[in-house]
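The values are calculated or read from the model by the stated rules, or taken from the named source; none is laboratory data. Remember, it's a predicted structure, so these values are computed and weren't measured experimentally. Neighbour counts are summed over all protein chains in view; Cβ atoms, including those assigned to glycine, are modelled from backbone coordinates with ideal geometry. Quick note on the areas: whole protein, heavy atoms, side chains included, nothing else; ligands and nucleic acids left out. Shrake-Rupley method; radii C 1.70, N 1.55, O 1.52, S 1.80 Å.
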Amino acid sequence: MSDLRNLIIIGSGPAAWTAAIYAARAKLNPLVLAGEQSGGQLMNTMLVENFPGFPEGILGPELMVNMRKQAIRLGVEVIDKDVTKLTQNSKLKTTNYNLNLKTSNKAEFMAKAVIIATGATANTLKLPGEKRLMGRGVGVCAVCDAPLYKDAERVFVIGGGDSAIEEAMALAKYAKEIIILVRKNKMRATAIMQDHIKQRNNIKIWYNSEALEFLGEKNLEQVKIIKGGKESLCSAKGLFYAIGHTPATKFLVGSGIKVDDNGYIFIKGGE
Ligand code: NDP
């Protein structure tokens with residue numbers, strides 16, 4: 001027999017905890033299915049300087065622990081399991097109780113309402129050295145971290161889309177040299193974005209170039225790069241991925257909730 005809940009929130013990033021805090025204060029008794037790796041993308045971030053209320057900044061994992069504690073203090077129940085399946089019981093469509101959820105520990109829940117706040121994971125290449133140096137020079141959000149690279153001699157960005165340019169532009173205000181590694185001989189970024197970088201003399205583009213490995217003791221020091229078929233070791237303080245995101249929506253297969261080709265949920269009227 002499924003456990004019937006008023007509101008289930010799936011996820012454990014800032015959106016999920018915000019929803020949980022508001023729902024708890026509205027006395028909706030929310031349950032958060034936080035996932036086995038609670039905390040979302042901020043768990044891989046070092047100093048967060050753009051979240052109001054922390055004049056000295058706050059470490060990403062600490063911020064997420066605080067949000068979770070705040071929700072729990074307000075009475076939110078949290079289960080650290082992944083949702084593996086969400087289905088809608090069409091027979092009960094006329095009632096409010098038609099959402100069924102299964103979790104990674106085989107628990108089953110019914111819910112009157114579900115908030116999906118599972119976010120998206122930045123794509124990376126899983127290169128040698130990446131796991132160890134993630135958050136220590138290797139990152140996925142230069143827009144968030146750019147000020148940490150003030151006066152850095154060189155920072156790389158991987159990608160050829162608008163995000164790569166946006167990341168490079170954010171870094172260009174701080175680092176001395178930014179090099180965008182584009183795997184093909186052209187960028188796919190929109191023309192206007194490509195125009196932006198022409199006005200920045202500290203942004204360079206290396207075409208036909210890919211990163212192969214990250215090296216460094218405690219922090220990133222060098223990136224092994226193949227450029228035009230030739231391998232070399234290049235010193236760098238930072239490297240940011242801008243090669244797209246994958247939304248965490250696989251559990252929606254078979255749910256009747258429509259997603260686009262990349263896995264992003266269509267909102268009503270958005271198709
Ligand atoms: P995109 O999918 O547009 O681009 C991803 C880039 O990553 C591509 O250049 C792709 O290369 C590259 N890439 C993918 N896999 C690899 C790999 N294994 N190795 C090396 N490079 C790889 O994603 P974006 O995040 O840039 O943009 C997503 C959407 O958001 C777009 O519609 C974009 O226009 C929009 N956007 C708009 C902005 C704005 O207007 N200010 C800012 C940021 C994003 P390849 O080209 O070779 O396939």
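If I filter the stretch 174-209 down to residues being of a type outside the set (Val, Ile, Thr) and either touching a residue at least 60 places away in the same chain (Cβ under 8 Å) or under 14 Å from SER163 (Cβ atoms) (or both), which single residue comes out as nearest to the ligand (Cβ to nearest atom)?
ARG188
Does ASN262 count as of a type outside the set (A, V, I, L, M, F, W, C), closer than 30 Å to LEU86 by Cβ and under 23 Å from the mean Cα position of the chain (by Cα)?
Yes.
Within the stretch 133-140, does at least one residue satisfy the condition of being over 20 Å from the mean Cα position of the chain (by Cα) and buried (at least 18 other Cβ atoms within 10 Å of the Cβ)? Show your work before the answer.
So in the stretch 133-140, the residues over 20 Å from the mean Cα position of the chain (by Cα) come out as none.
The answer is no; no qualifying residue exists.
Out of (1) open to solvent by less than 70 Å² (accessible area, probe 1.4 Å); (2) touching a residue at least 40 places away in the same chain (Cβ under 8 Å); (3) touching a helix residue (DSSP H, G or I) at 6+ places or on another chain (Cβ under 7 Å), the odd one out for LEU212 is which?
The number of the failed condition is (3).
Could you check VAL65 against (1) in contact with a Gly (Cβ under 9 Å, 6 or more places away or on another chain); (2) surrounded by fewer than 16 Cβ atoms within 10 Å (Cβ to Cβ); (3) assigned to a loop (DSSP other than H, G, I, E, B) and say which number it fails?
Of (1) in contact with a Gly (Cβ under 9 Å, 6 or more places away or on another chain); (2) surrounded by fewer than 16 Cβ atoms within 10 Å (Cβ to Cβ); (3) assigned to a loop (DSSP other than H, G, I, E, B), only one is false for VAL65: (3).
Tell me yes or no: at least one residue of the stretch 98-106 is hydroxyl-bearing (Ser, Thr, Tyr), over 22 Å from GLY139 (Cβ atoms), at pLDDT 95 or above and open to solvent by 80 Å² or more (accessible area, probe 1.4 Å).
Step one: of the stretch 98-106, the residues hydroxyl-bearing (Ser, Thr, Tyr) are 103-104.
Checking which are over 22 Å from GLY139 (Cβ atoms) leaves us with 103-104.
Keeping just the survivors that are at pLDDT 95 or above gives 103.
Imposing the further condition that a residue be open to solvent by 80 Å² or more (accessible area, probe 1.4 Å) reduces the set to none.
No, the stretch 98-106 has no match at all.
For a quick check of your reading of the model, give me the residue pairs whose first member lies in the stretch 31-59 and is more than 30 Å from VAL83 (Cβ to Cβ), whose second is open to solvent by 30 Å² or more (accessible area, probe 1.4 Å) and in a strand (DSSP E or B), with beta-carbon atoms closer than 8 Å and at least 6 apart or on different chains.
These pairs meet every condition: LEU47/LEU59; GLY57/LEU47.
Could you list, in sequence order, all residues of the stretch 12-56 that are part of a helix (DSSP H, G or I), under 23 Å from the mean Cα position of the chain (by Cα) and not hydrophobic (A, V, I, L, M, F, W, C)?
Result: PRO14, THR18, TYR22, GLY40, GLN41, ASN44.
Test each condition in (1) out of contact with any helix residue (DSSP H, G or I) (no Cβ under 6 Å at 6 or more places or on another chain); (2) among the aromatic types (Phe, Trp, Tyr); (3) open to solvent by less than 10 Å² (accessible area, probe 1.4 Å) for TRP206 and report the one that comes out false.
(3)
Are any of the residues in the stretch 112-125 modelled with pLDDT of 95 or more, within 16 Å of the ligand (Cβ to nearest atom) and more than 22 Å from ALA16 (Cβ to Cβ)?
Taking every residue of the stretch 112-125 in turn, at least one turns out to be modelled with pLDDT of 95 or more, within 16 Å of the ligand (Cβ to nearest atom) and more than 22 Å from ALA16 (Cβ to Cβ).
Which pairs turn up if I take residues in the stretch 130-143 that are more than 8 Å from PHE214 (Cβ to Cβ) and among the charged types (D, E, K, R) and look for partners that are modelled with pLDDT under 90 and open to solvent by 20 Å² or more (accessible area, probe 1.4 Å) with beta carbon separation below 9 Å, at least 6 apart in sequence or on another chain?
What qualifies is ARG136/MET46.
Say we look at the stretch 147-165 and pick out the residues that are in contact with a Gly (Cβ under 9 Å, 6 or more places away or on another chain), closer than 22 Å to SER209 by Cβ and more than 12 Å from the ligand (Cβ to nearest atom); which of these is most open to solvent (accessible area, probe 1.4 Å)?
ARG154
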